[in-house]
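*Asks:* My structure is below; once you've seen it, I'll send some questions.
The values are calculated or read from the model by the stated rules, or taken from the named source; none is laboratory data. Since the model is a prediction, treat every value here as computed from it, not as a measurement. Counting neighbours? That spans all protein chains shown, and the Cβs are built from the backbone with ideal geometry, glycine included.
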Amino acid sequence: MRGRRVDLRIQARTCSKTNLDAFSQVFSTIPVLIDEASTTLYFPQVADGGTYRTNFILLNPGTSPATARLEFYDDDGNPLGLPIGGLVRTSHEVQLSSRGAARFLTDGTSTSVKVGWVKVTCPTAIGGSSIFQTLNGNVITSEAGVASSPYLSRFTVYVETAGSAWSGLAICNPGSSAVDVTLKLRDSSGAQRDTFILRLPARGHVARFFTQWFGDYPNFEGTLEVVSSTPVSGVALRYDNPGLTVFATLPVVAIQ
């Protein structure tokens, strides 16, 4: 079905909470909004430049119009300038109609890859997702969608290096003070294999393959547990081809 739009229909008593749209050979999932609406949303990873750009989708389930404000930060917690609509912006406002939605994306024109994280605030509760894309010219070669991430002191996520797979984790610290974050690597049986402690500055960000923290773990499958002295937000990315051009996002799982 290359080059044609595909209509995917599911007939069943129940279905998963995922909206799937496919076009050609590139597609992404967009989570539906159940009870995750909030006046503050966190996106622990944004990328623009090189071959990357990032889409943002915001939903207003309320009955009144609202204005959402997005603020972009770099690894050190400083404002991050991203190209949006031909202008470099460290923040961006989006108007949302009642029961409405809005989508915008970074231009993908940064001369070098810019990475960081995004904080979204709105007077009324909203929901949101982001879609990371890689491009070859104007052609989308890969994309992956993920909902905004929760604000947690302890969470875990699946990681692996089996075959051509490489797993990474992005973490942001939305707080106004530096935070110590302990990373615990566990194998598939739950046994702890290694520990690493990193310090994130106020409003800081880090994104790494887990092997950049722990060294070489060939053919590994397990989890990366994150324990923080104050809440942080995280999302995992999983690459699965030798050129690191095909990837997916994995949400974190809270640990009580």
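*Asks:* With 97, 112 as the choices, which residue is of a type outside the set (Val, Ile, Thr) and either in contact with a Gly (Cβ under 6 Å, 6 or more places away or on another chain) or assigned by TED's automatic domain parsing to the domain that holds residue 197 (or both)?
*Replies:* Details: 97 fails: either in contact with a Gly (Cβ under 6 Å, 6 or more places away or on another chain) or assigned by TED's automatic domain parsing to the domain that holds residue 197 (or both).
Going through 97, 112 in turn, the sole match is 112.
*Asks:* Which condition number does residue 235 fail, the rest of (1) crowded, with 20+ Cβ neighbours inside 10 Å; (2) more than 22 Å from residue 113 (Cα to Cα); (3) of a type in the set (Val, Ile, Thr) being met?
*Replies:* (2)
*Asks:* Follow-up question, since we're still on this one. Given the conditions (1) of a type in the set (Asp, Glu); (2) farther than 25 Å from residue 74 by Cα; (3) modelled with pLDDT of 95 or more, report the number of the one that residue 216 does not fulfil.
*Replies:* Condition not satisfied by residue 216: (3).
*Asks:* Now a separate question. Which residues, taken from region 45-56, are in contact with a strand residue (DSSP E or B) (Cβ under 8 Å, 6 or more places away or on another chain) and outside any strand (DSSP E or B)? Write out each step before concluding.
*Replies:* Step one: list which residues in region 45-56 are in contact with a strand residue (DSSP E or B) (Cβ under 8 Å, 6 or more places away or on another chain), which gives 45-49, 51-56.
Within region 45-56, 51 is the sole residue that qualifies.
*Asks:* Another question, if that's okay. Identify all residues within region 207-232 that are among the acidic types (Asp, Glu) and either under 18 Å from the mean Cα position of the chain (by Cα) or crowded, with 20+ Cβ neighbours inside 10 Å (or both); write none if there are none.
*Replies:* Kept after step one, since they are among the acidic types (Asp, Glu), are these residues of region 207-232: 216, 221, 225.
Scanning region 207-232 gives a single hit, 225.
*Asks:* Give, as residue ranges, the strands (runs of 3 or more DSSP E) completely inside region 57-162 that count at least 1 residues that are exposed (fewer than 15 other Cβ atoms within 10 Å of the Cβ), modelled with pLDDT under 95 and more than 18 Å from the chain's Cα centre (by Cα).
*Replies:* Working: elements: 66-73, 82-84, 87-89, 91-96, 101-105, 114-136, 139-147, 152-160.
Passing ranges, in order: 114-136, 139-147.
*Asks:* Note down all Cβ pairs under 8 Å where the first residue falls in region 69-82 and is assigned by TED's automatic domain parsing to the domain that holds residue 113, the second is in a strand (DSSP E or B) and of a type in the set (Asp, Glu), and they're at least six residues apart or on different chains.
*Replies:* Going by the 8 Å Cβ cut-off, the qualifying pairs are 69/93; 70/93; 79/71; 82/48.
*Asks:* Out of the residues in region 196-240 that are in a helix (DSSP H, G or I) and aromatic (Phe, Trp, Tyr), which is nearest to residue 134 (Cα to Cα)? Give the steps one after another, and end with the answer.
*Replies:* Keep residues of region 196-240 that are in a helix (DSSP H, G or I), which gives 210-214.
Filter once more, keeping what is aromatic (Phe, Trp, Tyr): 210, 213-214.
Working: 210: 21, 213: 25, 214: 27 Å.
That would be 210.
*Asks:* If I filter region 35-56 down to residues being among the hydrophobic types (A, V, I, L, M, F, W, C) and within 11 Å of residue 126 (Cα to Cα), which single residue comes out as surrounded by the most Cβ atoms within 10 Å (Cβ to Cβ)? Lay out the reasoning, then the answer.
*Replies:* First, pick out the residues of region 35-56 that are among the hydrophobic types (A, V, I, L, M, F, W, C): 37, 41, 43, 46-47, 56.
Within this subset, residues satisfying the condition of being within 11 Å of residue 126 (Cα to Cα) are 37, 41.
Values: 37: 18, 41: 28.
Residue satisfying both the conditions and the ranking: 41.
*Asks:* Let me ask another. Keeping to region 169-192, report how many residues are assigned to a strand (DSSP E or B) and not β-branched (Val, Ile, Thr). Break it down into steps so the answer makes sense when it comes.
*Replies:* From region 169-192, those assigned to a strand (DSSP E or B) are 169-172, 179-187, 192; that's our starting set.
Still in the list and also not β-branched (Val, Ile, Thr): 169-170, 172, 180, 183-187, 192.
Adding up the residues that qualify gives 10.
*Asks:* Sticking with this one: Please pick out the residue among 198, 169 that is over 20 Å from residue 219 (Cβ atoms), assigned by TED's automatic domain parsing to the domain that holds residue 216 and touching a helix residue (DSSP H, G or I) at 6+ places or on another chain (Cβ under 9 Å).
*Replies:* On the way: 169 fails: over 20 Å from residue 219 (Cβ atoms).
It is 198.
*Asks:* Next question. Of the residues in region 154-167, how many are of a type outside the set (Lys, Arg) and under 23 Å from residue 256 (Cα atoms)? Write out each step before concluding.
*Replies:* Narrowing region 154-167 to residues of a type outside the set (Lys, Arg): 155-167.
After this cut, where a residue has to be under 23 Å from residue 256 (Cα atoms) as well, the list is 155-159.
Count: 5.
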